[in-house]
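Let me begin by presenting the structure, written as structure tokens, before commenting on it.
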């Protein structure tokens, strides 16, 4: 158990450990996060650092849980175990905090590719309506949020319909080949809206509930338009 926890700790601090060692590291784990804004920011950050194509990957963790020889667990659950068993020293404090910040989930085992739902390149995502220059330049999300807070006063309000179009079109680009799956696109829309439109530098007078409602209506209108083109 202690060897497993130490290996997990090395994985959680992989970037820091690679910087110390001066070389790339391989671990037995694959990290994911339900925080869309965090994964998007990391994808862009890696792309700029490596100067090469980096992909944004969407996993179906529920499907992976049902895949033999594959295990999915929430890091927060492991950290709670460490606290109750008084073994928090096995994973450095800063690595634990990083995992909490993104609500990290970890996949280990074989057949991970079976859980991939969609792969979208950062070059496609970079120019979506919700991604702004500040989001790309900020080294961390906390810095980005601080910059956004300072500049929001000078941003002109966006009309509600236009803002919803921005969100829905971004979700469709993320969905890629699954853009016809309205339920999937709707899930992405809700993930985009979770931190709020202000997070993405979009200022509207309507409240969050109204924005969610109008985005859902836009998706419903698109489905109705497609259904009307079907002849029997």
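Quick notes
- Residue within the range 192-199 that is out of contact with any helix residue (DSSP H, G or I) (no Cβ under 7 Å at 6 or more places or on another chain) and assigned to a helix (DSSP H, G or I) present: no
- The condition of being surrounded by 12 or more Cβ atoms within 10 Å (Cβ to Cβ), over 15 Å from residue 118 (Cα atoms) and not assigned by TED's automatic domain parsing to the domain that holds residue 102 holds for only one of 173, 192, 182, 156, that being 192.
- Among the residues listed as 165, 214, 150, the single one being under 20 Å from residue 127 (Cβ atoms) and part of a helix (DSSP H, G or I): 165
- Odd one out for residue 117 among (1) more than 20 Å from residue 50 (Cβ to Cβ); (2) crowded, with 18+ Cβ neighbours inside 10 Å; (3) out of contact with any helix residue (DSSP H, G or I) (no Cβ under 6 Å at 6 or more places or on another chain): (2)
The values are calculated or read from the model by the stated rules, or taken from the named source; none is laboratory data. It should be emphasised that the depicted structure is a prediction, and the values quoted were computed from it without experimental measurement. Methodologically, a virtual Cβ is constructed for each residue, glycine included, from the backbone with ideal geometry; neighbour enumeration extends over all protein chains shown.
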